[in-house]
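Working notes, structure below.
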Amino acid sequence: MIGSLFYNIKQAFVQIFRNRGMSAASIFSILAMLLILGLVFIIIVNVNLFSEIVKQDYDQVEVFIKDGATQAEIDECIETLKAKPGVTNVTFRSQEDALAIMKERWGESGYLLDSLGENPLPASIMIEVDSLDNASSVASAAGKFEIIEDVQYYKETVDKLTKITHFLQIACMIIMAFLVVVSVVVVSNTIKLTVMARSDEIHIMRYVGANNWFIRGPFMVEGIVIGLIASAIASGAICLIYKKLVETIGDQVFAIVSSPLISVQYMTVNLTIIFVALGCSIGAWGSIVSMRKYLKA
Amino acid sequence: MITFDHVTKLYRPGVGLDDVCVKIDKGEFVFLVGPSGAGKSTFVKLLLKDLTPDSGNIQVGDYHVNKLSNRMVPKYRRKIGTVFQDFKLLPKKTAYENVAFAMEVLHKPSRQIRKQVPQILSLVGISDKADKYPHELAGGEQQRVAIARAIVNNPQVLIADEPTGNLDPATAWGIMDLLDQINLRGTTVIMVTHAKEIVNKMDRRIIAIDKGRVIHDSKEYYAGPMGGDEE
Ligand SMILES: Nc1ncnc2c1ncn2[C@@H]1O[C@H](COP(=O)(O)OP(=O)(O)OP(=O)(O)O)[C@@H](O)[C@H]1O
Ligand SMILES: [Mg+2]
């Protein structure tokens, strides 16, 4: 049994080499599909992480105060907002606080802020709400005050992000379904060459009563080997791409949206698992399709 | 054992099998004769479930052959050994391996394979050629390997579609003796042939088909169309 598995794997490589043109086409087709999947996966996972962080960190509304507002006006505003339903905490953030926070967020690039002459950042009031869903009513109440220049909250951003991720996921699934079918067709045509070369053997197996899975065995091994080759290349490529990506723009992303990119290791491990599973399934499926004509009674 | 009940399988009007009724008992030896294009191979293919009839019923033992699901066909085929005019041996396997292959396919234990294959090879009379590849064997010897492969799993029925078609008369008689022997061991044998001489000398049941219809079914001497002496 084990011996025949090794034999079949060896035969699969022999056949793949013999039909190398078609094999390369199959591998390329699966590879392209996996890479597209990988890139979309990278985007979706990172956007998801970002929106999670935003949801946790920004369950608050920030209202910016006009220059020259008096402390009394500010205090009045704070007291009113504290009384609103859903509001859990209200804090005042002075111009100096705002600058300090920004410096911290910019990390190594923070020194750039030192060269600013006058502090351009406005003072603000941070209103924490128990859920982002209460944010809009609080925001509109805050907006009514004279001293308030601008209201900023993240519900819209989060909603937009969620919408974009959903859209990406659906678009990805449609593209994937299409690419999977294309790959299966290409793989099945490749394996059909082997099937034809061995059609006598298939006929003989059928006449002596071999069951269909037994007959499919060697051809499935070939399909799976093709799928594995493609997924190995895809895993390596996506790992390099993502590593490069994190190295080059990871810090900037963090500076802008204060959310880290998912780690290279996590991404590589998960994508490799997905790639191998998908690559093997497509290979196996392609070989089943290629033999359909031969195995119907 | 085998019943064809008003079986029709027409590729186009008048071509194929047309309303055929045949009953073959367990242990019989039957010749199936008729001119080229009469429908003999069609009969064999229907029996093997290579084809499904347009109408009528085929029963073999407990199997309702038309109603077999795709999944059950392999199990059914194990009850039937088949031999063809062109031997259909695997060129890259030795005589021994070709026969063993039929057992491996059915996941027979290797101990049983090692014991049974030599027995069968000696039964068909080619023990000394076990390690030869098909291209190193004469036609008659190749057909013996094919017969060994067909019977190694002890089928209840052996179907031979022109097994002597590619052989000279002397070799053909050797194969006939072998099929006769196998029949004596209790296996039902159906043999398709054009060889008039063999058919008329063997004194067995003869079913003649012409244009898809059974035109003769008895042990009587048959002088009708058969499509040449040997082919
Ligand atoms: N798949 C098919 N499609 C259409 N016609 C077919 C098909 N298979 C066989 N036929 C036709 O059916 C007729 C009967 O064929 P069959 O093979 O049963 O003849 P046969 O009696 O075995 O002839 P032979 O002695 O030459 O082997 C022939 O005319 C053949 O051309
Ligand atoms: Mg024929």
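Every read-out reported here was derived from the displayed coordinates using simple, explicitly stated rules and does not represent laboratory data. Note that this is a predicted model, so its numbers are computed, not measured. Methodologically, a virtual Cβ is constructed for each residue, glycine included, from the backbone with ideal geometry; neighbour enumeration extends over all protein chains shown.
Over the residues of the protein assembly as shown, compute the C-alpha Rg and express it relative to 2.2 N^0.38 Å. Mind showing how you got there, number by number?
On the way: Rg = 39.1 Å, N = 528, 2.2 N^0.38 = 23.8 Å.
Normalised by 2.2 N^0.38 Å, the Cα Rg of the protein assembly as shown equals 1.64.
Specify the residue with the greatest mean-square fluctuation among A:Met126, A:Met173, A:Met205, computed from a Gaussian network of chain A linking alpha-carbon atoms under 10 Å apart.
Highest fluctuation among the options: A:Met205.
In peptide B:96-106, what is the residue-averaged number of other protein chain Cβ atoms found within 10 Å of each Cβ?
Counting Cβ atoms of other protein chains within 10 Å of each residue's Cβ and averaging gives 3.
Using θ = phi - 60° and the Karplus form 6.51 cos²θ - 1.76 cosθ + 1.60, what ³J(HN,Hα) does each residue of region A:45-54 get, whole Hz, x for Gly and Pro?
5, 5, 5, 4, 4, 4, 5, 4, 5, 4
Using the Cα centre of chain A as the reference point, and only Cβ charges (+1 on K/R, -1 on D/E), how large is the resulting charge dipole? Debye, rounded to the nearest 20. Walk me through the numbers before you get to the answer.
Working: 23 positive and 28 negative charges, 672 e Å.
The dipole of chain A has a size of about 3220 debye.
Over all residues in B:146-156, what is the mean tally of Cβ atoms on other chains that come within 10 Å of each residue's Cβ? Could the numbers behind the result be given before it?
On the way: counts 1, 0, 0, 3, 2, 0, 1, 2, 0, 2, 0.
Neighbouring Cβ atoms belonging to other protein chains average 1 per residue here.
Report the residue, chosen from B:Arg114, B:Arg213, B:Arg144, that carries the largest GNM mean-square fluctuation when chain B is represented by alpha-carbon nodes joined by springs under 10 Å.
Of B:Arg114, B:Arg213, B:Arg144, the Gaussian network model singles out B:Arg114 as fluctuating most.
Using only Cα atoms, tell me the angle between helix B:139-151 and the longest principal axis of chain B; keep it within 0 to 90° and round to the nearest 10.
80 degrees
Enter the angle in degrees (range 0 to 90, nearest 10) between the Cα long axis of helix A:95-106 and the first principal axis of the Cα atoms of chain A, meaning the one along which they spread out most.
So the inclination is approximately 20 degrees.
Less than 14 Å Cβ to Cβ from A:Glu118, Lys/Arg counted +1 and Asp/Glu -1: what total charge do the surrounding residues give? Intermediate values should be presented prior to the final figure.
Numbers: positive: none; negative: A:Asp67, A:Glu96, A:Asp114.
Once all neighbours under 14 Å are counted, the net charge is -3.
Where does region B:90-231 land on Rg/Rh, using Cα atoms and the Kirkwood Rh?
Details: Rg = 16.4 Å, Rh = 16.2 Å.
Taking Rg over the Kirkwood Rh, I get 1.01.
Explain nothing, just the number: relative contact order of chain A, from Cα pairs under 8 Å at least 6 residues apart, as a whole percent.
It rounds to 29 percent for chain A.
Partner chain Cβ atoms within 10 Å, averaged over the residues of B:75-83 - can you pull that number for me? Kindly include the intermediate steps, with their values, before the conclusion.
Values: counts 2, 2, 8, 4, 1, 3, 3, 5, 1.
Taking all residues of B:75-83 together, the mean is 3.
What shape does region A:58-153 have by the C-alpha gyration tensor, where a ≥ b ≥ c are the square roots of the eigenvalues, rounded means a/c under 1.5, and otherwise prolate means a/b greater than b/c and oblate the rest?
In terms of gyration-tensor shape, oblate.
So what's the angle, to the nearest 10 degrees on a 0 to 90 scale, between helix A:2-18 and the longest Cα principal axis of chain A?
Orientation of helix A:2-18: about 80 degrees from the principal axis.
Report, in debye and to the nearest 20, how large the dipole of region A:58-153 comes out about its Cα centre when Lys and Arg carry +1 and Asp and Glu carry -1 on their Cβ.
Working: 7 positive and 19 negative charges, 32 e Å.
With Lys and Arg at +1 and Asp and Glu at -1, about 160 debye.
Say the dipole of the protein assembly as shown comes from +1 at the beta carbon of Lys and Arg and -1 at that of Asp and Glu; which of A:Ser4, A:Ile101, B:Val157 then lies farthest toward its positive end?
B:Val157
Rounded to the nearest 500, what is the 222 nm mean residue ellipticity of chain A from helices alone, with -39500 (n - 2.57) per DSSP H run of 4+ residues and division by all residues? Display every interim value, and only then the final one.
Working: 9 runs with 218 residues, N = 297.
Helix-only estimate at 222 nm: -26000 deg cm²/dmol.
For a quick size check, give me the Cα extents of region B:1-125 along its three principal axes, largest first, whole Å.
Here the spans come out as 49, 30, 27 Å, largest first.
When 1/r is averaged over all different Cα pairs and the result inverted, which Kirkwood radius in Å belongs to chain A? Walk me through the intermediate numbers first.
Values: mean 1/r = 0.0421 Å⁻¹.
Computed over Cα pairs of chain A, the Kirkwood hydrodynamic radius comes out at 23.8 Å.
Can you pick out the pairs among B:Lys108/B:Lys132; A:Lys192/B:Lys132; B:Lys79/B:Lys196 whose Cα atoms lie more than 26 Å from each other?
Pairs exceeding 26 Å: A:Lys192/B:Lys132; B:Lys79/B:Lys196.
I need B:His6, B:His194, B:His216 ordered by Cβ neighbour count within 10 Å, fewest first.
Numbers: B:His6 12, B:His194 20, B:His216 15.
Arranged by neighbour count, lowest to highest, B:His6, B:His194, B:His216 become B:His6, B:His216, B:His194.
Simple spin-label model, 7 Å along Cα-to-Cβ: B:Asn70 to A:Leu168 in nm?
Taking the simple label geometry, B:Asn70 and A:Leu168 are separated by 4.0 nm.
In what sequence do A:Arg105, A:Arg93 fall when counting other Cβ within 10 Å, fewest first? The partial results should precede the final answer.
On the way: A:Arg105 14, A:Arg93 18.
Going from least to most buried by this count: A:Arg105, A:Arg93.
Running a GNM on chain A with Cα contacts under 10 Å, which residue among A:Thr248, A:Thr157, A:Thr70 ends up with the highest mean-square fluctuation?
The residue with the greatest mean-square fluctuation here is A:Thr70.
Starting at 0 and stepping by 5 Å, how many percent of the alpha carbon pairs of region A:167-283 end up in each bin?
P(r) over region A:167-283, rounded to whole percents: 2, 10, 13, 15, 15, 12, 9, 7, 5, 4, 3, 2, 1, 0.
Counting other beta carbons within 10 Å of each residue's own, what order do A:Tyr111, B:Tyr133 fall into, fewest first? Don't jump to the answer; show the numbers that get you there.
Numbers: A:Tyr111 9, B:Tyr133 16.
By the 10 Å Cβ count, ascending: A:Tyr111, B:Tyr133.
Given R₀ = 51 Å, FRET efficiency for A:Thr88-A:Lys243 by Cβ-Cβ distance, to 0.05?
On the way: r = 41 Å, r/R0 = 0.81.
Calculated transfer efficiency: 0.80.
Please tell me which of these pairs span more than 25 angstrom C-alpha to C-alpha: B:Lys23/B:Lys115; B:Lys49/B:Lys211; A:Lys10/A:Lys243?
Values: B:Lys23/B:Lys115 36 Å; B:Lys49/B:Lys211 21 Å; A:Lys10/A:Lys243 34 Å.
From B:Lys23/B:Lys115; B:Lys49/B:Lys211; A:Lys10/A:Lys243, over 25 Å: B:Lys23/B:Lys115; A:Lys10/A:Lys243.
Would you mind calculating the gained length between A:Val185 and A:Ala32 on full extension (0.36 nm times residue separation, minus the Cα-Cα distance), in nm to one decimal?
Values: separation 153, 0.36 × 153 = 55.08 nm, distance 1.44 nm.
53.6 nm is the gain from fully extending A:Val185 to A:Ala32.
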